[in-house]
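A short reminder: the numbers here are calculations on the coordinates, not readings from a lab. Keep in mind that this is a model prediction, so the values were computed, not measured. Positions of Cβ are generated from backbone atoms using ideal geometry, with glycine treated the same way; all protein chains shown enter the neighbour counts.
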Amino acid sequence: MKILIVEDEARIAKRIARMTQAFFGSTLTTLQLVDSLTDGLAYIKDHALDLVLLDLNLNGANGFDMLKTAVAEPFNTIIVSAQKEHALLAFEYGVLDFVPKPFNQERLEQAFRRIVSHEKGSTEGARFLAVKKQGTIQLVKSEEVLYIKGAGVYTELFLSNGQKELHDKSLEKLAQLLPSSFERIHKSYLVKMTEATGIRVSSGSKYGLELSNGEVLPIGRTRYKGLKEKWF
Amino acid sequence: MKISTWVVVGIVLLTSGCGQMHYPDGPVIKYKVGDQPEWAGIDWDDSDWSTYVQKEADDIFWARIKLNFSEDWGSDQHLGLFLAVFGDYDLYWDSVWIGSNGQPGLENENDKSSEYHRFFLIPDSLSRKGPHVLALRASQKYYTADGTIRDFMINNYLELVQKPIRFSMYINLLAGAFLITAIYFFILYVNDRNSFPVLLFSISSFLFFLLISTEYIKFYVPFHYSKFYTRLEIISLLTFLISFLIPLYFSIQFAFLKRKWWLPIYSLLLLYIYIFYHNYGNYDEMTVYLTSSMWISSVVIVGYGVVRQVKGALLVFMGLLINVFIHYGMRNYDYSLVLSFIILLLCMFYILALRIREQREAYEFSLVQTTRLKHELLKKKIQPHFLMNTLTSVIDWVEESPQKGIQFIEALAEEFDLLNQIEDKQLIPISQEIQLCTSHLKIMEYRKEIEYIWEDEQIDPEEKIPPALIHTLLENGITHCLPLPSGNIRFKLSYEANAKAKTYYFFTYATLRMPSQEIVEGTGTKYVKARLTESYGNRWDFQSEQTEEGWKNVITIYKP
């Protein structure tokens, strides 16, 4: 595990570090502390990470500026902040969890467990997916996404307007962040089920999911039964 | 009063008033010194008489006017004659004695009872179609060199007598409105001595009242012709004052920038016109030049306001232009005078109302601002960023070292206590402010684990400043600075006072997080400025800048 903590309160940063260490133990390979947005952004640029713990108010600067960059990256982001009123917006941006201050070990570990268990971050799910495009970050509304295809460490977002965008997060991570209407139908496909019109069975027990735009996506053999029970 | 205008009015009435008489060149008044009863006769040959005659104070002389009626004067109405004459006279109409206003030749210094204005009823038998002659047997003890018959009118007697009274009824109505306005705004001024424009407006209204009252008093208050110039003196003095006050009023209301040099020059110009024409005794020209100066100055001042887009300037400018047009364009002096006064006063009133509203809005804004600042101060201790971060640190300290945790909580209690004491105050002693700062630093030391050093020098503990001013600057310092290599951040407050101002210097000795970043005015700076404005109006200055050693804030409060 490679973890970055962005927190300007020295005492709190140490607290988070201590609790992180306690939770991940020997699986933790890197734990870096920075106390400003600029340092945080610089670190993200040059290092591969699994998790960023981010404060939203850093020396008077707005952490949302950094959040937008962070959520476009492959790693997960957990917010640790005093400003509870920003929790909803943070989830919409696609953070895994929002830990309000003051926090205890239990609450922080609850957030950490989501990384391990892949349970969903929030019931509402992310409203936006941040996509890196020509050096800038653009927000794609998750309601405009038809389905997502895994492509190695990246994913491809297929949008309702016919366009395709690349995302740096893995299919597992996106499945965790997106609303529950997104369902994993195959090891390489995550589909917004409101777009599904039916299941097509073809020879050799091959199953396919028909979408409203006429496309048919493969359904994983092991997932077929559960999918049929849940959605049809 | 314009004598010439009255003569014009007289002629206009003569020629068109009743539609029965027509004199293409106007009636000719002829004079001759001497005293012969035959001179009243209709057939007397006055071709050797002159239109002006040199006379002495005790001379008896005659004046004759020949008239010709093209038709009989109607039987249902009676002919009347109005005369405005310098002198005592017996009036003859077609050789018949009609009446007298005094005793010609026996004018007595102690008995100035003869009236300057007089109305006479002409017998019906003498108002038939054909030629007539109006003759005066007169003496003129005072202003002997001046013309004798200043004005005369012939018309239906009732119309002649009632018309000026009817007109003065409206004038008095208007004068009353001006008077009430003057009193009302004077009371407003007494209640708020700072509003100089209100006083100017009140005085202007009062002068308008006096001017039109004096102008038209002649219609209903009889006076001797020797008092004729007294009235003109009063009117010209009032005109002088009005001509001075109106542009002054506009120059204040439209913040005329060049007022400093304009005002003395303009005053001298008016004074010159006043004295010059006063010595000449030419009151009509004096009025023309005084009012012209007033109009030109006002139009320039308000026009300058229009260029600078001062609120309300355009409407007033239009009003003034209409006024100038009325003043120079309208032939009827009485109507143009009254109308231009009304429009001028409305212009002044409009701009006054606008400024009063602006003042009220500014006052209301200041009330809201005070409440807002109170809330902002209150928020300092309950805003989640401060409170939750502090509580998280408290929890961590308690878990690690209960002893330290307790000290931390005590420091927190002290800061809350201090904030409670100052929250609804507009000014607090600087010693209390310093206490607030040091207790805040204690808390931040626990949170940030940085050593904060507080220093102050030459502080007068009794001096008062708005609450949380230095505290806010301190917070900014903590937020935007990194410790020096020695591991600490040092703050220093010093104080300086001289005859003109009190100055607080607040230094932060530290490394700036973002030295090259452009400074945007944050909520902290806005709070500082708003607090200074609340307590000192515009008598303050706030400088905040980067130095080689960190940051420097300078608050200067000027003495009133």
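Find, among the trypsin sites (Lys or Arg not before Pro) in the range A:165-204, those assigned to loop by DSSP (not H, G, I, E, B) with at most 14 other beta-carbon atoms within 10 angstrom. Provide the component values of the computation, followed by the final result.
Numbers: sites: A:Lys169, A:Lys173, A:Arg184, A:Lys187, A:Lys192, A:Arg200; in loops: A:Lys169, A:Lys187.
Passing sites in the range A:165-204 are A:Lys187.
Which of the listed residues, B:Phe167, B:Leu207, B:Phe223, is farthest toward the dipole's positive end in the range B:156-260, when Lys, Arg count +1 and Asp, Glu count -1 at the beta-carbon?
B:Leu207
Classify chain A: rounded, prolate or oblate, from the alpha-carbon gyration tensor (a ≥ b ≥ c, eigenvalue square roots; a/c under 1.5 rounded; otherwise prolate if a/b is larger than b/c)? Before the final figure, lay out each step's value.
Details: a/c = 2.30, a/b = 1.90, b/c = 1.21.
Note, shape of chain A comes out prolate.
With a/c under 1.5 counting as rounded, go ahead and sort the range B:262-353 into rounded, prolate or oblate using the C-alpha gyration tensor (a ≥ b ≥ c being the square roots of the eigenvalues; past the cut-off, prolate if a/b is larger than b/c, else oblate). Intermediate values should be presented prior to the final figure.
Values: a/c = 2.60, a/b = 1.39, b/c = 1.87.
The shape class here is oblate.
Rounded to the nearest 0.05, what FRET efficiency is calculated for B:Glu71 and B:Glu233 with R0 set to 60 Å and r the Cβ-Cβ distance?
Values: r = 44 Å, r/R0 = 0.73.
Result of the calculation: an efficiency of 0.85.
For the residue pair B:Thr371 and B:Asp541, what label-to-label distance in nm results when each label sits 7 Å from Cα along the Cα-to-beta-carbon direction?
3.5 nm
Take the alpha-carbon centre of the range A:134-165, take the same for the range B:427-462, and report the distance between them in whole Å.
Using only Cα atoms, the two centres lie 53 Å from each other.
Identify the trypsin sites (Lys or Arg not before Pro) of the range B:362-441 meeting these criteria: DSSP loop state and at most 15 other C-beta atoms within 10 Å of the C-beta.
Numbers: sites: B:Arg372, B:Lys374, B:Lys379, B:Lys380, B:Lys381, B:Lys404, B:Lys425; in loops: B:Lys425.
The qualifying sites are B:Lys425.
Taking R0 as 25 Å, what's the FRET efficiency between A:Ala151 and A:Lys230 from their Cβ-Cβ distance, rounded to 0.05? All intermediate terms of the calculation are to be shown ahead of the outcome.
Values: r = 26 Å, r/R0 = 1.03.
So, using R0 = 25 Å, E works out to roughly 0.45.
For B:Glu410 and B:Tyr558, compute 0.36 nm times the residue count separating them, minus their Cα-Cα distance, and round to one decimal in nm. Can you show the working numbers first?
Values: separation 148, 0.36 × 148 = 53.28 nm, distance 3.84 nm.
Computed gain between B:Glu410 and B:Tyr558 is 49.4 nm.
Tell me, in nm to one decimal, what length is gained between A:Asn161 and A:Arg107 on full extension, where the rule is 0.36 nm per residue of separation less the Cα-Cα distance? Don't skip to the end; give the middle numbers.
Working: separation 54, 0.36 × 54 = 19.44 nm, distance 4.04 nm.
Between A:Asn161 and A:Arg107, full extension yields an extra 15.4 nm.
For B:Glu56 and B:Glu285, what is the calculated FRET efficiency with R₀ set at 51 Å and r taken between the beta-carbons, to the nearest 0.05? Before the final figure, lay out each step's value.
Working: r = 29 Å, r/R0 = 0.56.
FRET efficiency, B:Glu56 to B:Glu285: 0.95.
Looking at the square roots a ≥ b ≥ c of the eigenvalues of the Cα gyration tensor of the range A:2-117, which shape do they give, rounded for a/c under 1.5, prolate if a/b is larger than b/c, or oblate? List each step's numbers first, then the result.
On the way: a/c = 1.25, a/b = 1.12, b/c = 1.11.
Verdict is rounded for the range A:2-117.
Share of antiparallel DSSP beta bridges in the range A:2-117, in percent to the nearest 5? Intermediate results must be reported in sequence, preceding the final value.
On the way: 2 of 19 bridges.
Of all bridge pairs located within the range A:2-117, approximately 10 percent are antiparallel.
Can you give me the distance in nm between label points at B:Lys260 and A:Thr194, each placed 7 Å from the Cα along the Cα-to-Cβ direction?
Placing both labels 7 Å beyond Cα along the Cβ direction yields 7.0 nm.
Just want to confirm a number: the relative contact order over the range B:398-503, from Cα pairs under 8 angstrom separated by 6+ residues, in percent.
Answer for the range B:398-503 is 28 percent.
Just the number, please: percent antiparallel of the DSSP beta bridges in the range A:1-70, rounded to the nearest 5. Please list the in-between numbers first.
Working: 2 of 11 bridges.
Among the beta bridges of the range A:1-70, antiparallel pairing accounts for roughly 20 percent.
Which three extents, in angstrom, do the Cα atoms of the range B:162-361 have along their principal axes, listed largest first?
Per principal axis, max minus min of the Cα coordinates gives 54, 34, 32 Å.
Can you tell which of A:Val216, B:Ala177, A:Asn59 lies farthest toward the positive end of the dipole of the protein assembly as shown, using +1 and -1 charges on the Cβ of basic and acidic side chains (Lys, Arg; Asp, Glu)?
A:Val216
Find the relative contact order for the range B:162-361 and round it to a whole percent, using C-alpha pairs within less than 8 Å whose residues are 6+ positions apart. Each step should come with its number before you reach the end.
Working: 181 pairs, mean separation 36.4, N = 200.
Value for the range B:162-361: 18 percent.
Let me have the relative contact order for chain B, percent, based on Cα pairs under 8 Å that are six or more residues apart. Walk me through the numbers before you get to the answer.
Values: 832 pairs, mean separation 46.4, N = 560.
Dividing the mean separation by the residue count of chain B yields 8 percent.
Taking 7 Å along the Cα-to-C-beta vector as the label spot, tell me the B:Arg331-B:Glu549 distance in nanometres, rounded to one decimal.
8.5 nm
Per the helix-only calculation at 222 nm, which mean residue ellipticity applies to the protein assembly as shown, given -39500 (n - 2.57) for every DSSP H run of n ≥ 4 and division by its residues, nearest 500 deg cm²/dmol?
Values: 20 runs with 357 residues, N = 792.
Theoretical 222 nm ellipticity from helices: -15000 deg cm²/dmol.
If you count the DSSP beta bridges with both ends in the range B:383-558, what percent of them are antiparallel, to the nearest 5? Present the calculation step by step, with values, prior to reporting the outcome.
Values: 29 of 36 bridges.
That works out to approximately 80 percent antiparallel.
Which whole DSSP H helices in chain B pass both tests: a Cα extent of 15 Å or more along the axis and a mean Kyte-Doolittle value no lower than -1.0? Don't skip to the answer; put the middle values down first.
On the way: long enough: B:157-191 (52 Å, 1.17); B:196-216 (30 Å, 1.71); B:228-253 (38 Å, 1.42); B:259-280 (31 Å, 0.43); B:283-307 (36 Å, 0.98); B:313-329 (23 Å, 1.95); B:333-382 (72 Å, 0.38); B:384-400 (23 Å, 0.19); B:402-422 (30 Å, 0.01); B:430-448 (26 Å, -0.40); B:469-480 (17 Å, 0.43); B:523-536 (19 Å, -0.85).
In chain B, the long hydrophobic H runs are B:157-191, B:196-216, B:228-253, B:259-280, B:283-307, B:313-329, B:333-382, B:384-400, B:402-422, B:430-448, B:469-480, B:523-536.
Taking loop as defined by DSSP and a crowding limit of 14 other beta carbons within 10 Å, which GluC sites (Glu not before Pro) in the range A:40-122 fit? Write down the numbers at each step before the final one.
Values: sites: A:Glu85, A:Glu92, A:Glu106, A:Glu109, A:Glu119; in loops: A:Glu119.
Passing both the DSSP loop test and the Cβ count: A:Glu119.
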